Structures are given as C-alpha cells and as structure tokens.
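The values are calculated or read from the model by the stated rules, or taken from the named source; none is laboratory data. Quantities reported herein were computed from a predicted structural model and do not represent experimental measurements. Neighbour counts run over all protein chains shown; Cβ positions are idealised from the backbone, glycine included. Protein only, heavy atoms only, side chains kept; ligands, DNA and RNA dropped before computing areas. Shrake-Rupley method; radii C 1.70, N 1.55, O 1.52, S 1.80 Å.
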Amino acid sequence: QTNEQLNLPASITTTTNISKPRTKTIKHRLIATLKPILKAIKNRILVPDDQILWYTNAVKIGQQVIEQHNIQAIFSTSGPNTNHLVALALKKRTGLPWIADFRDPWTDNMHRSGIWWRERLEATMEARVINNADAIMTVTKSFLEGFRKKYRTNVKKGIVIHNGYDVSDYSDIQD
C-alpha cells in the first residue's frame, strides 16, 4: 500500500517485508557453515591440488598413449601441479625426455595454503619435478631466474616463452 492509502505523511516510507521460506535460510546457513570446513579438509587431503584424484588413472592412460602412439617426449603444464606429478611418473616409467612448463611458480606463489606440513610436502614435490625434468619452461625470465636461484644446477635447461597474441586477431581494430 502507498503512504496515502495508509494515511501516512510523505516523509515516512513504508517497505514490504516478504520473508523467504525457512528452508532456504537453513540451507544457506548450512552451506555457509560447511564451506570453510570442507575447504580446510580439502587443503589437508588433496595435495598438491584437487586434481590429485585423477593421478593414478592419468599415469595409466598416459603410459598407454605413449606406447600406442610412439610418443617421443613428455610435456606437462601447470596448474594444476598434479600434471607435473603425472609427467614425472611417466618420465620414470618410460625414460622419455620431459619438459615441465610452469605458467606460475609452484611453491614461490602468493596462493599458498599456510599449512606448514603441506608447504614442506609441496616443496619436496616441486624439487622432484625440477630435478627430473629435462627442461623447465616458464612465461617470464623472473620465474626462470627464481627456479635457477632456488635449484641452482638442477635446472638442466631453462626456456622462456612469453604469453603472446596473434597481431592478425586485432587487425580490424582502428587506432
């Protein structure tokens, strides 16, 4: 109803309060309560990331693909960092040369868990990847320098390929 219909002065505003069904409120509260708990559990179980669940199957299928298609080299890119762990297992099984591409640093990254034992475990994983890859590829010189500083001679070969674009994709844009 309007202020005139209720016989109220114009300076007073009225609002209509339509409450949501109680079940939706409970559902939202339940989600809001469970979400941080589930995230904390995930961060303590799924290391280095939630893609670790496909690791075993990825290694099995990767080996089949290598054997069936005469693959000559392994290339992995991250994230997720599980990709590098799959490639590491395939490298150890096949002896093929392996390039590990880091789109972002792994452990020297601002998106860390803050869980001390997980940080240590991921540092060990990263070191195994660096120590076994035949080449490390990154998108910036500073990323590569960071790996070289951290792992010294264990970076066998370092390659930088910057992110880029195809000029022809923008040819019809006018100045």
For segment 157-175, which residues satisfy the criterion of being of a type in the set (S, T, N, Q) and under 29 Å from A100 (Cα atoms)? N163
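Rundown of residues vs (1) open to solvent by less than 70 Å² (accessible area, probe 1.4 Å); (2) modelled with pLDDT under 85; (3) under 25 Å from I115 (Cα atoms); (4) in contact with a strand residue (DSSP E or B) (Cβ under 7 Å, 6 or more places away or on another chain), yes/no style:
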{"position": "Q1", "(1), (2), (3), (4)": "no, yes, no, no"}
{"position": "E4", "(1), (2), (3), (4)": "no, yes, no, no"}
{"position": "S11", "(1), (2), (3), (4)": "no, yes, no, no"}
{"position": "T15", "(1), (2), (3), (4)": "no, yes, no, no"}
{"position": "K20", "(1), (2), (3), (4)": "no, yes, no, no"}
{"position": "I26", "(1), (2), (3), (4)": "no, no, no, no"}
{"position": "K35", "(1), (2), (3), (4)": "no, no, yes, no"}
{"position": "K42", "(1), (2), (3), (4)": "no, yes, yes, no"}
{"position": "I52", "(1), (2), (3), (4)": "yes, no, yes, no"}
Out of I99, I61, report the one residue that is within 18 Å of K157 (Cβ to Cβ) and more than 18 Å from the chain's Cα centre (by Cα). I99
Any residue in segment 103-118 that is more than 11 Å from G79 (Cβ to Cβ) sitting within a Cβ distance under 7 Å of a residue that is part of a loop (DSSP other than H, G, I, E, B) and of a type outside the set (G, A, S)? List the pairs, counting only those 6 or more apart or interchain. R118/V47
Only one of these is open to solvent by less than 70 Å² (accessible area, probe 1.4 Å), of a type in the set (V, I, T) and either at pLDDT 85 or above or part of a helix (DSSP H, G or I) (or both): T153, T107, T124. Name it. T107
Taking first residues from segment 144-158 that are without any contact (Cβ under 8 Å) to a residue 40 or more places away in the chain and second residues anywhere that are open to solvent by less than 30 Å² (accessible area, probe 1.4 Å) and part of a helix (DSSP H, G or I), the pairs with Cβ under 6 Å that are 6 or more apart or on different chains are Y151/I130; N154/I130; V155/F147; G158/L144
One residue from L53, L96 being in a helix (DSSP H, G or I) and aliphatic (A, V, I, L, M): L53
Can you tell me which condition S168 does not meet? The list is (1) closer than 22 Å to A87 by Cα; (2) open to solvent by less than 80 Å² (accessible area, probe 1.4 Å), and all the others hold. (1)
Pairs please, first residue from segment 57-86 and over 22 Å from F102 (Cα atoms) and without any contact (Cβ under 8 Å) to a residue 12 or more places away in the chain, second anywhere and surrounded by 11 or more Cβ atoms within 10 Å (Cβ to Cβ) and of a type in the set (A, V, I, L, M), Cβ atoms under 9 Å, 6+ apart in sequence or on different chains. V65/I71
Take the residues of segment 56-93 that are in a strand (DSSP E or B) and farther than 19 Å from E122 by Cα: which is most open to solvent (accessible area, probe 1.4 Å)? F75
